[in-house]
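Student: To start, I am sharing the structure in question, which I have written as structure tokens.
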């Protein structure tokens, strides 16, 4: 069943439109704002986005720009359904990347007919895909590129897990906050032996022996920053939807990172010559303000 992501903050209009689309054979995911739309898009297969021009948190232009910023979603049909019939509004929407701008005065019959055509054209050109596939791909590519170009180390990625946030253990943890349209954190979990080996390669040292913890902290912080920045660049080719903060690094014999959240988490394991590490992108979806990330470290010393 094809899916329409309906972005509208009018409960009445949402109910009316949903009924018409369901009658026409579509599944409807209804949300009231841009951030909710992005979260729904991450979690679901979407074949078309229908947005009002005026929304409670931003406007339809932001909806269009959000999804057009990704190269893989430039063909996704985006329809603006608006009561504003002036040419300037229509031009702004189309300049931002709207597939079609329709007036509410045209009624639902015209809307459903146009949506049928756009979805048929879209599915004929390329299948729909949810962002989780792209997120995993971006984490793998960004991490692999950093280790290859900065350390001449080739990593092998395992399967991407999409799960609730959970406790993760490691001897070295590098974490960087994510804030903006997306909120959460990007973290690296490494054994100390691999962390020292990676840092020695990055600093072009003959051997990791004798490396001070302070030197290791600084270098892992820079590595975390590079991986986080590369994920950001890879994921959003035009308009970045988040910024990253200053990284923190924790070193201990048996650290456990516990995130006070059960939000969406992308976790990718990697291997280098028999040693394992992992990269996690925690995406906080609750609208509670702040960075959305709270951490507790137990069982070891910390440095930052």
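Student: Within the range 35-49, how many residues are without any contact (Cβ under 8 Å) to a residue 40 or more places away in the chain and touching a helix residue (DSSP H, G or I) at 6+ places or on another chain (Cβ under 8 Å)?
Tutor: Within the range 35-49, the subset without any contact (Cβ under 8 Å) to a residue 40 or more places away in the chain is 36-37, 40.
The next check asks that each one be touching a helix residue (DSSP H, G or I) at 6+ places or on another chain (Cβ under 8 Å); those that pass are 37.
Total meeting the criteria: 1.
Student: Then there is this: Any residue at all in the range 252-260 that is in contact with a helix residue (DSSP H, G or I) (Cβ under 7 Å, 6 or more places away or on another chain) and modelled with pLDDT of 70 or more? Walk me through how you get there before you give the answer.
Tutor: Within the range 252-260, the first condition is being in contact with a helix residue (DSSP H, G or I) (Cβ under 7 Å, 6 or more places away or on another chain), and the residues that meet it are none.
No, every residue in the range 252-260 fails to be in contact with a helix residue (DSSP H, G or I) (Cβ under 7 Å, 6 or more places away or on another chain) and modelled with pLDDT of 70 or more.
Student: Given the criterion surrounded by 14 or more Cβ atoms within 10 Å (Cβ to Cβ), part of a helix (DSSP H, G or I), at pLDDT below 85 and in contact with a helix residue (DSSP H, G or I) (Cβ under 9 Å, 6 or more places away or on another chain), identify the matching residue among 222, 234, 215. Outline the logic, then answer.
Tutor: Working: 222 fails: at pLDDT below 85; 215 fails: at pLDDT below 85.
Just one listed residue meets the conditions, 234.
Student: In the list 4, 61, 29, which residue meets the criterion of being farther than 14 Å from residue 108 by Cα, surrounded by 17 or more Cβ atoms within 10 Å (Cβ to Cβ) and touching a residue at least 40 places away in the same chain (Cβ under 8 Å)? Talk me through it step by step, then tell me what you get.
Tutor: Values: 61 fails: touching a residue at least 40 places away in the same chain (Cβ under 8 Å); 29 fails: touching a residue at least 40 places away in the same chain (Cβ under 8 Å).
So the residue among 4, 61, 29 that is farther than 14 Å from residue 108 by Cα, surrounded by 17 or more Cβ atoms within 10 Å (Cβ to Cβ) and touching a residue at least 40 places away in the same chain (Cβ under 8 Å) is 4.
Student: Restricting to the range 179-194, what's the tally of residues that are surrounded by 22 or more Cβ atoms within 10 Å (Cβ to Cβ) and over 15 Å from residue 257 (Cβ atoms)?
Tutor: Final tally of qualifying residues: 3.
Student: For the range 75-93, enumerate the residues that are over 23 Å from residue 21 (Cβ atoms) and surrounded by 13 or more Cβ atoms within 10 Å (Cβ to Cβ).
Tutor: If we filter the range 75-93 for residues that are over 23 Å from residue 21 (Cβ atoms), which is where we start, we get 86-89, 91-92.
Residues satisfying the conditions are 89, 92.
The values are calculated or read from the model by the stated rules, or taken from the named source; none is laboratory data. Bear in mind that the values here come from a model prediction, so they are computed numbers and not experimental data. As a convention, Cβ positions derive from the backbone with ideal geometry for all residues, glycine included, and neighbour counts pool all protein chains shown.
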